[in-house]
Amino acid sequence: MDLLDAIILAIIEGLTEYLPVSSTGHMIIASSFMRIASDDFTKLFTIVIQLGAILAVVILYWKRFFQSLDFYFKLLVAFIPAVVFGLLLNDVIDELLESPLTVAITLIIGGFILLKVDDWFKSNEIEDPQHPEAHTKISYLTALKIGFFQILAMIPGTSRSGATIVGGLTQKLNRKTAAEFSFFLAVPTMFGATAKKGYDYYKAGFELTGDQINYLVIGNIIAFIVALIAIKSFIGYLSKHGFKMFGYYRIILGVALLIIHYFIYSLTVI
């Protein structure tokens, strides 16, 4: 990895982390084209720069993050399923992180789901005058159920934000509330993933060079700035227009990846 690779990956992370298009999938695609996908530092880099994206959420929702202990406990409850299954499936996840084909298939499947969710859950956007908090209140059980949806995001290309937002919609939350809880849940999830990947990297005996440390610093700064812009833009767009555009984007990208994959495979066979 060189500096240009680091900058490109950081921009992709910031743009896609909170959109339902799969940041991990996009970075696998980009790093595969760069021919650095299997590099151990690349795998570390793509996880660690999520810290910059985490900071963007904390800054934008500063007051919400310090509102009550109840808020933190609900995040913890939603985070638990990812911890358990992440530890159990760690080796499988690492193998999938090098598979553009897996990304292509899950992008397409997720795309078709996003084309329909606005219709499936349109009643969530209708406020009940007698129960004004019906589509905005998150219980502990709701938080846990959303946490189980987050497990799906361990398959590259699924999208952590997409899975958790849809999970929130199934629990009668409106789009804005579901998206914001997805953002909040990203903080412990990505912090935990970063700590785990950093520990694994250290345990494997790898040491960071001066250039690599610089890449991590620059990557986090870029991811932070870009994520700030992406989050504010996404919430505004989602509240007005829904998910269809993201569904079409996922399908087009997934189909393009399949074509590229099989074209390259056929050339290799020949």
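All of the numbers you see were taken from the coordinates with simple rules; none came from a lab. Just so it is clear, the model here is predicted, and its values are computed rather than measured. Note that each Cβ is placed from the backbone with ideal geometry, even for glycine, and that neighbours are counted across all protein chains shown.
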Students often check this: by mean Cβ neighbours within 10 Å, which of 150-156, 57-63, 229-235 ranks highest, and how do the rest follow? 150-156, 229-235, 57-63
Between their Cα atoms, which of Lys74/Lys145; Lys43/Lys196; Lys116/Lys172; Lys116/Lys232 are more than 20 Å away from each other? Lys116/Lys232
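Please get the size of the charge dipole for the stretch 3-269, origin at its Cα centre, with Cβ charges of +1 on Lys and Arg and -1 on Asp and Glu, quoted in debye to the nearest 20. If you can, show how the numbers build up before the last one.
Numbers: 20 positive and 20 negative charges, 148 e Å.
That gives a dipole near 720 debye.
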For a footprinting-style exposure proxy, rank Ile222, Ile252 by other Cβ within 10 Å, fewest first. Ile252, Ile222
With the Cα gyration tensor of the stretch 133-270 giving a ≥ b ≥ c as the square roots of its eigenvalues, does the rule (a/c under 1.5 for rounded; else a/b larger than b/c for prolate; else oblate) give rounded, prolate or oblate? oblate
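Between Ile109 and Thr136, take the C-beta separation as r, use R0 = 35 Å, and let me know the FRET efficiency to the nearest 0.05.
On the way: r = 29 Å, r/R0 = 0.83.
So, using R0 = 35 Å, E works out to roughly 0.75.
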Please list the radius of gyration and Dmax for the chain, considering alpha-carbon atoms only, with Å as the unit. 18.5, 67
Rounded Å value of the spacing that divides the Cα centres of the stretch 1-68 and the stretch 72-90: 20
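For Val58 and Asp211, FRET efficiency with R0 = 22 Å and r from the beta-carbon atoms, rounded to 0.05?
Values: r = 28 Å, r/R0 = 1.28.
So, using R0 = 22 Å, E works out to roughly 0.20.
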Net lengthening on full extension, Ala195/Ser239 (0.36 nm per residue, minus Cα-Cα): 12.5 nm
For a footprinting-style exposure proxy, rank Phe224, Phe71, Phe85 by other Cβ within 10 Å, fewest first. Phe71, Phe85, Phe224
Does anyone have the angle between helix 175-203 and the longest principal axis of the chain? Alpha-carbon axes, 0 to 90°, nearest 10? 30
Given Cα pairs under 8 Å that are at least 6 residues apart, what percent is the relative contact order of the chain? 38
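Ranked from highest to lowest mean number of other Cβ atoms within 10 Å per residue, what is the order of the peptides 32-41, 138-147? Working shown, then result.
Values: 32-41: 14.6, 138-147: 18.4.
Ranked from most to least packed, the peptides come out as 138-147, 32-41.
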Taking 0.36 nm per intervening residue step and subtracting the Cα-Cα distance, what contour gain separates Asp119 from Val83 on full extension? 9.7 nm
